[in-house]
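The values are calculated or read from the model by the stated rules, or taken from the named source; none is laboratory data. It should be emphasised that the depicted structure is a prediction, and the values quoted were computed from it without experimental measurement. Cβ sites come from the backbone with ideal geometry, for glycine too, and all protein chains shown count toward neighbours. What goes into the accessible areas is simple: the full protein's heavy atoms, side chains included, and nothing from ligands, DNA or RNA. Shrake-Rupley method; radii C 1.70, N 1.55, O 1.52, S 1.80 Å.
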Amino acid sequence: MAKLTIFDSVKKEKVLFEPIKNNDVKVYVCGPTVYDDSHLGHARSAIAFDLLHRVLKANGYNVTMTKNFTDIDDKIIKKMNESNRSLEDITSEYILKYKSDMEALNILPNSFEPKATENLQVMIDMIEDLMKKDIAYKISDGVYFDVSKDENYGSISHRASDENSIARVESNSEKRNPSDFALWKFEKQNDVAYNSPFGKGRPGWHIECSAMINEHLAYKDEAYQIDIHGGGADLLFPHHENEAAQTRCSTKAHLAKYWMHNGFVTIDGEKMSKSLGNSFFLKDILKSYSGEVVRFYLLTAQYRANFNFNEEDLISSKKRLDKLYRVKKRVYGLGKSAVNKEFKENILTALNDDLNTAKAISIIDEYINKANETLDKEPKNKNFKKELVATFEFIDEIIGIGFNDAYKYFQFGISKEDIEKIESLIEKRTLAKKNKDFETADKIRDEISSLDVSIMDTPNGVVWEKL
């Protein structure tokens, strides 16, 4: 099996992954700002780094996976003022919704999920340290980071500034440099503010991750604080550039040994954006498609590529996943043996090549096709069936798909009331058959069929699916 290689966003090439210490891997992924529902961009990033988590584990590493929640921000404050709700009320609602969406996408639990509001003191401490070194300075509206004091500024993104980034940084003639960014914003009207030695206010966005990594994750005796820092491609500059600068200047260590970024999600060729009005909320798509189908679809493209979402491709992708579940039905209720060695090695080799999911899924497709052929030729081959059961478990473990019950997968989209009605009819039919009232049993079967439902008697009881 080939060793794990990943594309490092700073070096702009694939590199061999080697952890900083022993077999331990520390990963930090920038999480959501919790003021609204999750969209496909959030799903893409979560799935990409969940896959990394799974592949690292499959390579035998002990993984500490951390994702933060930004629960203090301009957008949250705007929502507070518009809705007359408290910060905690808004953020706790959207954190719960985000976690529910992640569960639907089969995202592994994180080791830590720090919140900005619970780490204000560590941010204040880092800002104070930077002020003592004259790398941060105070002006009328807040405390700013002086980018000219960091000789390595620009080394992460390979650009020290651009028109867009300068436009994003609030214009203030008091700033030493146009690209200087806020570490602490002083209190304004209708604002949320906290006490600090340098004035009442709230943290800027960039300081959050640097301070929390330094507090909760960082190696204190190494050149790098953590192994991998990840996030969406839009975070490379200025967010990750600024994080790296703060950490270097405060701790004398580099923030991360490797930087990884997932591509954008586009709809009809446009980058997803609230301002463009084409942001696709995950809650809407999950009404029509299961989280597993969405996950599988988003994994069909390599994580670094930009992903153009459209429903036609989603439906085609679902049909590929359906095939896996149809084979799973053919071995329903059986025990397992061992995973097919060649299949496992091929999958790990593909995923160890910078998480090449397109290749991995094509290997799964081929395996499913061959499985159908073997089952057709040798329907009583129990050894092969048990191998299939074990292999499906491995696919779930490494890629996070195929984890559903083979029949319940095909029941998605049926209302709770209809499910209760179908299962009640099945119980009545079972009782009729037990009483040898086959005429009633057949009538009930016809009634079930009229609901576009197929039922099958198996050694494990009656199973059913939507036609």
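Among the residues of segment 323-353, those that are assigned to a helix (DSSP H, G or I) and more than 14 Å from Ala371 (Cβ to Cβ) comprise Lys341, Lys344, Glu345, Asn346, Ile347, Leu348, Thr349, Ala350, Leu351. Of Lys344, Lys329, Lys336, Lys319, all but one fail to be more than 20 Å from the chain's Cα centre (by Cα), basic (Lys, Arg) and at pLDDT 95 or above; the exception is Lys344. Where strands (runs of 3 or more DSSP E) fall wholly inside segment 12-97, the ranges with 1 or more residues that are under 16 Å from Asn110 (Cβ atoms) and open to solvent by less than 40 Å² (accessible area, probe 1.4 Å) are 24-29, 62-67. Consider segment 145-192 and keep the residues that are modelled with pLDDT of 85 or more and part of a helix (DSSP H, G or I). The one that is least open to solvent (accessible area, probe 1.4 Å) is Val147. Does segment 238-245 include one or more residues that are in contact (Cβ under 8 Å) with a residue 24 or more places away in the chain, hydrophobic (A, V, I, L, M, F, W, C) and part of a strand (DSSP E or B)? Within segment 238-245 (the criterion being in contact (Cβ under 8 Å) with a residue 24 or more places away in the chain, hydrophobic (A, V, I, L, M, F, W, C) and part of a strand (DSSP E or B)), the answer is no, since none of the residues qualifies.
Of the residues making up segment 91-117, not one is within 27 Å of Met80 (Cβ to Cβ), β-branched (Val, Ile, Thr) and within 10 Å of the chain's Cα centre (by Cα). Among residues of segment 435-456 that are closer than 22 Å to Ala406 by Cα, those with a Cβ under 6 angstrom from a residue that is open to solvent by 80 Å² or more (accessible area, probe 1.4 Å) and part of a loop (DSSP other than H, G, I, E, B), sequence gap 6+ or separate chain, pair up as Asp452/Leu467; Ser454/Leu467. Residues in segment 306-323 that are more than 17 Å from Gly41 (Cβ to Cβ) and of a type outside the set (Asp, Glu) were compared, and the one that is surrounded by the fewest Cβ atoms within 10 Å (Cβ to Cβ) is Lys319.
Going through segment 102-132 one residue at a time, which ones are β-branched (Val, Ile, Thr) and closer than 19 Å to His216 by Cβ? Within segment 102-132, Thr117, Val122, Ile124, Ile127 qualify.
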